There are 2 protein chains.
Amino acid sequence: MTDLSSVLSRADQNLDASIERLFELLRIKSISTDPAFKNDCRQAAEWLVADLTALGFEASVRQTAGHPMVVGHYPGPSADAPHVLFYGHYDVQPVDPIELWEDDPFDPKIKDLGNGRKVLTGRGSADDKGQLMTFVEACRAYKDVHGHLPVRVTVLFEGEEESGSPSLKPFLDAHADELKADYALVCDTGMWDADTPAITASLRGLVGEEIIVTAANRDLHSGMYGGAAANPIQILSKILAGLHDETGRVTVEGFYDGVEETPSNIKSAWDNLTGGRNDFLGEVGLSELAGEKGRSMLELLWARPTCEINGINGGYTGQGFKTVIASKASAKVSFRLVGQQDPAKIRENFRAYVRSKMPKDCTVEFLEHGSSPALQLGYDSPVLTKAKTALSEEWAKPALVIGSGGSIPIVGDFQNLLGMESLLVGFGLSDDGVHSPNEKYDLKSFHKGIRSWIRIMAALAA
Amino acid sequence: MTDLSSVLSRADQNLDASIERLFELLRIKSISTDPAFKNDCRQAAEWLVADLTALGFEASVRQTAGHPMVVGHYPGPSADAPHVLFYGHYDVQPVDPIELWEDDPFDPKIKDLGNGRKVLTGRGSADDKGQLMTFVEACRAYKDVHGHLPVRVTVLFEGEEESGSPSLKPFLDAHADELKADYALVCDTGMWDADTPAITASLRGLVGEEIIVTAANRDLHSGMYGGAAANPIQILSKILAGLHDETGRVTVEGFYDGVEETPSNIKSAWDNLTGGRNDFLGEVGLSELAGEKGRSMLELLWARPTCEINGINGGYTGQGFKTVIASKASAKVSFRLVGQQDPAKIRENFRAYVRSKMPKDCTVEFLEHGSSPALQLGYDSPVLTKAKTALSEEWAKPALVIGSGGSIPIVGDFQNLLGMESLLVGFGLSDDGVHSPNEKYDLKSFHKGIRSWIRIMAALAA
C-alpha cells in the first residue's frame, strides 16, 4: 500500500465517525444573522476549536465585534513545506419557512434516496459545515496514518459569512502576518454534476448603483404638461436602453478595459460540457440566450461582464391608470465584472454617461451599493494543475475548470489584504437546497470530498 | 338692485355655507380607480343626490356596471326655455405619495397663503368637486332669490372620470332622450391665469395602455443568470426609449395621421398671450421645453399629440440592493391625441410596435385603459360668445378662448352620442396640484366661479 492509499483507506474506515462528528456540529444552531443564536454561534466555534485541538492543531476562538473566528495552526512536516490557509464558515442561514422542511433542520440524519444515493440532511450540511469538515477529516486521516500533515496548514473558520462578513476584513488586516500562507484553499463551491468534480477559477465582481432622476419639482398632470415638460421615466428609459448596443455589448466608456478573451481551449472545454446544466434556461421558462451575441451560455455566465437593471420605479404603479408625469424615477443597476475591470472606473464612467444624457433642467442623484473586483485565478497555475489531477484521480472523471457568475468576497480579500491566491474546490450539488428548506449534502460528496483533500494535500506537498 | 345683482349678492351671502357643503363632499374618499373605495364613491353620489333634491331637483343615483351616475332635472321657468346639461365628476385621483401632502387630503380646510390669497385644500378641491359645486351653488342662489332657475337644467355627475369612464358611453346610449339638451356645460377646465377667465375650445384625446413584459417564470439571481437570461426591465426600457426619435416625435407607425398644423393666425395669437403661464415650466422647477423640437409651448400643449410614460415598475425597488433579475416589468403609457387621430388605430399600432421588440421567449400582456378622440369646438358659436361676455363682466378682464392639453372624453361623447356641443368653462389654476399632492382650489375661483355661472345662466336665458 502506498502512503497515499493508506491515508485514503483510513478515511474510509473513519467515515462513520466522521459523519457522527459532522452531525455534532450540525446540531448546533449557529444562525449568524439572528441575534437569538449568538451563543449557538460561539458554541460552534468552540466545538471546532476542541476538534482541531484534538487533532494536534494549535487552535483558538478569536473575538471579533461580531461572531468569533476560529484559527488553527499545524506546523507541517518541515518549516519549508508548502503553507496553505483553509477557509470555511461555521455559520448557517435561517431555517424559515420551517414548515417546508421534511426533517428537523438541526437533527441531521442519513437518508436513503434510492438508486444507491444517500444524503446527509440538515441546515449547514452543504453550506458550509459539511464542506469544511471534508478538510478537517482529511487532516485527521493523514495524521492518523503519518502522525503529521504533508503541508503546513492554517485554518480560518468564519461565523458571519451568511450575514455579510462584517468582521472579516478587520480581522484579516489585524492578523495578516499570522494568516498569510502560500495560497488559500476555499471549500464553499460546487461540482459540475454528481460525478464530475470542478475547480472554480473565476468569480465575477460587482458594482451596484442606484440612480434617481428628478425632473419637475412635483408630479404633473400629463394633459396639462405633457409634450412640454420633461418626463423622468422617459429620460431614465433612454439612459437604461442606451446601456447596451444592438449586439448586447455594454456601452459605458472603457467598460471592456481589462476584459480578456477566454482562451480557446477553455472555451472548447466549456462547449463540450454536458450534464445537469444543459436545461439551465429551460428550467426557468426561457429558451433564448440574452446578452452579448455570438457567445456560449457558459462563457456569458462565467467569463463576460454584464450590466443588469435590478429594479425600476417611477410614476403611478398601482391598479388602474393615472395620467401623471412623475417628478422622479429611479433604477437600481449592477455590473458583473470579469478579468481586470476596475470597479471604481466603471462606476465613474457609468455616472458620466448618465450625466451626459440628462436634460439641463433635470438632476440625477447616485447611490453607491458596494463593489468588488472580479477574480481570475490562473487557469494553469501549478496549484490548480495539481489539484485538477488529484480530483480527476479521485472521481475517475476529469475535473473541470469552471467559472462562477456570482461573487465570493473572501477570495478578493485574500488577494488584496494577504496577497494570496485561492484554490476553490467544493463538492456541493445544484440540488443541495442551499439557503432553502431541506438542505442536504450527498454522502458521496462528503466521503469523496475527504478523499479529494487528502489527494490534493499530497499533490501540493509533492 | 337688478334681478342679476340680487342673485350675485345672494351667492356672496351663501359663501360660507357653500364652502361647508363643498367640504362635506371633499371628505368623502371617492377614489374611483381603487376598488377599496367603492363604497366611498357611492356615498359621494348619494350626497349629491341629497343636495340636488334639497334644491328642488328631481335627482337620483343611477346604477352602472361601475360607480353610479347622478342625474338631476330642474324644469326651468317654461317648457321652451333653453335647456342645458351640466356635467361634472365626483370621483378623484388617488393620493399617493401621501407623505408629500402638507394636510390630510380628505380633511379640507381654508388656508391663507398671504397677500389676500386663500385656498381650499384637499383631493378633489379643484378636480372636480370644487368646480362642479360652483354650478350647484349658482343654482342655489338663483333659486333662493327667484324660486326657479332661468333655464331648464339637467345635471350629470359621473364617478369614473379619473378611471377612464367605462360606464359613460353605455349610460349615454341608454338614456339619450333623458340627457339630451340644447348644449352641455362642462366645468372641468382652467382659467388662463388667476385674473383671466377662459373658455376651452380644443381638447386633446387620450389612449391609455399598460404593458406587462414577462421573461423567466421566476425571479433569478443576477450572478447565476446575469448575461444569459433575458431581463424584462431591459426589454421594457428599450421599448419605451424607442417611442420617441431624437427630435421628440413619436415613432409609432401612422401616429401623425390626422394631425394638422395649427393655422398661423391661431399660433400668432398664442404667441402673443401673456400672463401667469409665462413661467408655466418655471413654477414646477423646469426651464427647458421637452417634447417635439421647434414648437412653442402652447402649441405643444394644445395642438400637438404626445406619448408619455405614466408609470413603470419592476424588480427590487425597496431600500438597499438586491441582485435580482425580475420575472416581470410593467409600464403605463398614454397618448394625447389631436385633430383626427384615431385612438383605436394608435392602440393597435402601439401594440404591434411593442410585440415587434419582444424576444421570442418572452411574452407581453396589454391592458386597455380607455380612449377618446380629440375635440375642436367652434371658436365663434352664439353660446360661446354669450359666455365670453358674461365671464368678461364677472372677472373684469376679457375671457380668452384657449386650448387644453388634457382630455375630457365626455365632450366627444356628448357630440357623438347626443349630437350636442359643449361649452367648457372652468376656474382651475395651473398651480392647483391637480392629480398631485397638495391639491387646492382658490377660494376666489370657487366664489367667482359661482358668480360666473349665475351670469352665464342669465345670459343664456336672455
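The values are calculated or read from the model by the stated rules, or taken from the named source; none is laboratory data. The structure displayed is predicted, hence computed values, not measured ones. Methodologically, a virtual Cβ is constructed for each residue, glycine included, from the backbone with ideal geometry; neighbour enumeration extends over all protein chains shown. Ligands, DNA and RNA are stripped out before the accessible areas are found, and what is left, the full protein with its side chains, is counted by its heavy atoms. Shrake-Rupley method; radii C 1.70, N 1.55, O 1.52, S 1.80 Å.
Would it be correct to say that A:L281 is open to solvent by less than 30 Å² (accessible area, probe 1.4 Å), over 27 Å from A:G370 (Cα atoms), within 13 Å of another protein chain (Cβ to nearest Cβ) and out of contact with any Pro (no Cβ under 9 Å at 6 or more places or on another chain)? Reasoning before the result, please.
Details: open to solvent by less than 30 Å² (accessible area, probe 1.4 Å): yes; over 27 Å from A:G370 (Cα atoms): yes; within 13 Å of another protein chain (Cβ to nearest Cβ): yes; out of contact with any Pro (no Cβ under 9 Å at 6 or more places or on another chain): yes.
Yes, satisfied.
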Of those in the range B:339-361 that are within 14 Å of another protein chain (Cβ to nearest Cβ) and open to solvent by less than 10 Å² (accessible area, probe 1.4 Å), the residue farthest from A:E283 (Cα to Cα) is B:Q341
Reported set for the range B:27-80 where residues are among the polar types (S, T, N, Q), at pLDDT 95 or above and open to solvent by less than 60 Å² (accessible area, probe 1.4 Å) is B:S30, B:S32, B:S60, B:T64
In the range B:272-292, residue farthest from the chain's Cα centre (by Cα) [restricted to those that are part of a loop (DSSP other than H, G, I, E, B) and of a type in the set (G, A, S)]: B:S287
I need the full set of residues from the range B:147-167 which are within 16 Å of the chain's Cα centre (by Cα) and either at pLDDT 95 or above or under 30 Å from B:R10 (Cα atoms) (or both), in order please. B:L156, B:F157, B:E158, B:G159, B:E160
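Scan B:L132, B:L179 and give me the residue that is in contact with a strand residue (DSSP E or B) (Cβ under 7 Å, 6 or more places away or on another chain) and surrounded by 24 or more Cβ atoms within 10 Å (Cβ to Cβ). So that I can check it myself, show each step before the final result.
Working: B:L179 fails: surrounded by 24 or more Cβ atoms within 10 Å (Cβ to Cβ).
Exactly one of B:L132, B:L179 is in contact with a strand residue (DSSP E or B) (Cβ under 7 Å, 6 or more places away or on another chain) and surrounded by 24 or more Cβ atoms within 10 Å (Cβ to Cβ), namely B:L132.
Mind checking which residues of the range A:1-20 are of a type in the set (S, T, Y) and either free of Cβ contacts under 8 Å to residues at least 40 places away in the same chain or within 18 Å of A:K129 (Cα to Cα) (or both)? Write out each step before concluding.
Keep residues of the range A:1-20 that are of a type in the set (S, T, Y), which gives A:2, A:5-6, A:9, A:18.
Correct list: A:T2, A:S5, A:S9, A:S18.
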Within the range B:384-422, how many residues turn out to be touching a Lys or Arg at 6+ places or on another chain (Cβ under 9 Å), in a loop (DSSP other than H, G, I, E, B) and open to solvent by 30 Å² or more (accessible area, probe 1.4 Å)? 2
Please work out which residue is farthest from the other protein chains (Cβ to nearest Cβ), limiting yourself to the range A:231-253 and to residues that are open to solvent by 10 Å² or more (accessible area, probe 1.4 Å) and more than 12 Å from A:C307 (Cα to Cα). A:E253
In the range B:200-219, what residues are buried (at least 24 other Cβ atoms within 10 Å of the Cβ) and either under 30 Å from B:A396 (Cβ atoms) or at the interface with chain A (Cβ under 9 Å from one of its Cβ atoms) (or both)? B:T200, B:L203, B:R204, B:L206, B:G208, B:A215
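Would you pick out the residues in the range B:333-353 that are aliphatic (A, V, I, L, M) and not in a helix (DSSP H, G or I)?
Quick first cut of the range B:333-353, residues aliphatic (A, V, I, L, M) only: B:333, B:337-338, B:344, B:346, B:352.
Of everything in the range B:333-353, those that are aliphatic (A, V, I, L, M) and not in a helix (DSSP H, G or I) turn out to be B:V333, B:L337, B:V338.
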Every residue from the range A:171-199 that is modelled with pLDDT of 95 or more and over 20 Å from A:V383 (Cα atoms): A:F171, A:L172, A:D173, A:A174, A:H175, A:A176, A:D177, A:E178
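Of all residues in the range A:303-326, how many are surrounded by fewer than 24 Cβ atoms within 10 Å (Cβ to Cβ) and either of a type outside the set (V, I, T) or assigned to a strand (DSSP E or B) (or both)?
Residues in the range A:303-326 being surrounded by fewer than 24 Cβ atoms within 10 Å (Cβ to Cβ) and either of a type outside the set (V, I, T) or assigned to a strand (DSSP E or B) (or both): 6 in total.
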Among the residues of the range A:31-38, is any touching a strand residue (DSSP E or B) at 6+ places or on another chain (Cβ under 6 Å) and free of Cβ contacts under 8 Å to residues at least 40 places away in the same chain? yes
Against the definition (in a helix (DSSP H, G or I) and either within 14 Å of chain B (Cβ to nearest Cβ) or open to solvent by 30 Å² or more (accessible area, probe 1.4 Å) (or both)), how does A:E365 come out, yes or no? no
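Every residue, every condition in (1) within 20 Å of B:R204 (Cα to Cα); (2) in a loop (DSSP other than H, G, I, E, B); (3) touching a Lys or Arg at 6+ places or on another chain (Cβ under 6 Å), yes or no:
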| residue | (1), (2), (3) |
| --- | --- |
| B:I235 | no, no, no |
| B:L240 | no, no, no |
| B:T247 | no, yes, yes |
| B:V252 | yes, yes, no |
| B:F255 | yes, yes, no |
| B:G258 | yes, yes, no |
| B:T262 | yes, yes, no |
| B:K267 | yes, no, no |
| B:W270 | yes, no, no |
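For the range A:293-325, what are the residues that are more than 23 Å from the chain's Cα centre (by Cα), more than 7 Å from chain B (Cβ to nearest Cβ) and not small (G, A, S)?
Going through the range A:293-325, the residues more than 23 Å from the chain's Cα centre (by Cα) turn out to be A:293-295, A:312-325.
Cutting the leftovers down to more than 7 Å from chain B (Cβ to nearest Cβ) gives us A:293-295.
Answer for the range A:293-325, where residues must be more than 23 Å from the chain's Cα centre (by Cα), more than 7 Å from chain B (Cβ to nearest Cβ) and not small (G, A, S): A:K293, A:R295.
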Only residues in the range A:366-385 that are at positive phi count as the first member; pair them with residues that are not in a helix (DSSP H, G or I), Cβ under 6 angstrom, at least 6 apart or cross-chain, and list the lot. A:G370/A:G208
